[in-house]
1. Just the residues that are surrounded by fewer than 16 Cβ atoms within 10 Å (Cβ to Cβ) and either of a type in the set (A, V, I, L, M, F, W, C) or under 15 Å from Arg17 (Cα atoms) (or both), please, taken from the range 40-57.
2. Can you pull out every residue in the range 38-70 that is modelled with pLDDT under 95, part of a loop (DSSP other than H, G, I, E, B) and on the phi < 0 side of the Ramachandran plot?
3. Which one of the conditions (1) open to solvent by 50 Å² or more (accessible area, probe 1.4 Å); (2) in contact (Cβ under 8 Å) with a residue 40 or more places away in the chain; (3) touching a His at 6+ places or on another chain (Cβ under 8 Å) does Thr60 fail to meet, given that it meets all the rest?
4. When you go through (1) surrounded by 11 or more Cβ atoms within 10 Å (Cβ to Cβ); (2) assigned to a helix (DSSP H, G or I) one by one for Thr9, which number turns out not to apply?
5. Check the range 4-13 and report whether any residue there is within 13 Å of the chain's Cα centre (by Cα) and of a type outside the set (Gly, Ala, Ser).
6. Output the residues belonging to the range 17-37 that are surrounded by 13 or more Cβ atoms within 10 Å (Cβ to Cβ), out of contact with any Lys or Arg (no Cβ under 8 Å at 6 or more places or on another chain) and either part of a strand (DSSP E or B) or touching a residue at least 12 places away in the same chain (Cβ under 8 Å) (or both).
Amino acid sequence: VLYCSMDETTYHRIADRFLEALADQLEAQDAAGLLEVELSGGVLTIELPSGKQFVVSKHTISRQIWLSSPI
């Protein structure tokens, strides 16, 4: 675990950029259009053709990015 002290504004700026870049990369790599990728309010939802979802979200209190996986 890497811990870095940063103010909340900086955390949100970095986390939002990361989530936007991740969403862009997923959409760019999904040439077949199999994934549903939605970024809203600091939460990135990736839905697989099976209906299973991955959720990548900001956790402001700990200043981390969290992944919820159906696996």
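The values are calculated or read from the model by the stated rules, or taken from the named source; none is laboratory data. Remember, it's a predicted structure, so these values are computed and weren't measured experimentally. All Cβ positions, even for glycine, are placed from backbone atoms using ideal geometry, and neighbour counts span all protein chains on display. All accessible areas refer to the heavy atoms of the entire protein, side chains included, with ligands and DNA or RNA removed. Shrake-Rupley method; radii C 1.70, N 1.55, O 1.52, S 1.80 Å.
1. At the first step, the residues of the range 40-57 found to be surrounded by fewer than 16 Cβ atoms within 10 Å (Cβ to Cβ) are 40-43, 48-53, 55.
The answer is Ser40, Gly41, Gly42, Val43, Leu48, Val55.
2. Thr60, Ile61, Ser62, Pro70
3. It is condition (1) that Thr60 fails.
4. (1)
5. In the first step, residues of the range 4-13 are kept if they are within 13 Å of the chain's Cα centre (by Cα); the result is 12.
The next check asks that each one be of a type outside the set (Gly, Ala, Ser); those that pass are 12.
Checked the range 4-13: at least one residue is within 13 Å of the chain's Cα centre (by Cα) and of a type outside the set (Gly, Ala, Ser).
6. Those that are surrounded by 13 or more Cβ atoms within 10 Å (Cβ to Cβ), out of contact with any Lys or Arg (no Cβ under 8 Å at 6 or more places or on another chain) and either part of a strand (DSSP E or B) or touching a residue at least 12 places away in the same chain (Cβ under 8 Å) (or both): Phe18, Leu22, Ala23, Leu26, Leu35, Glu36, Val37.
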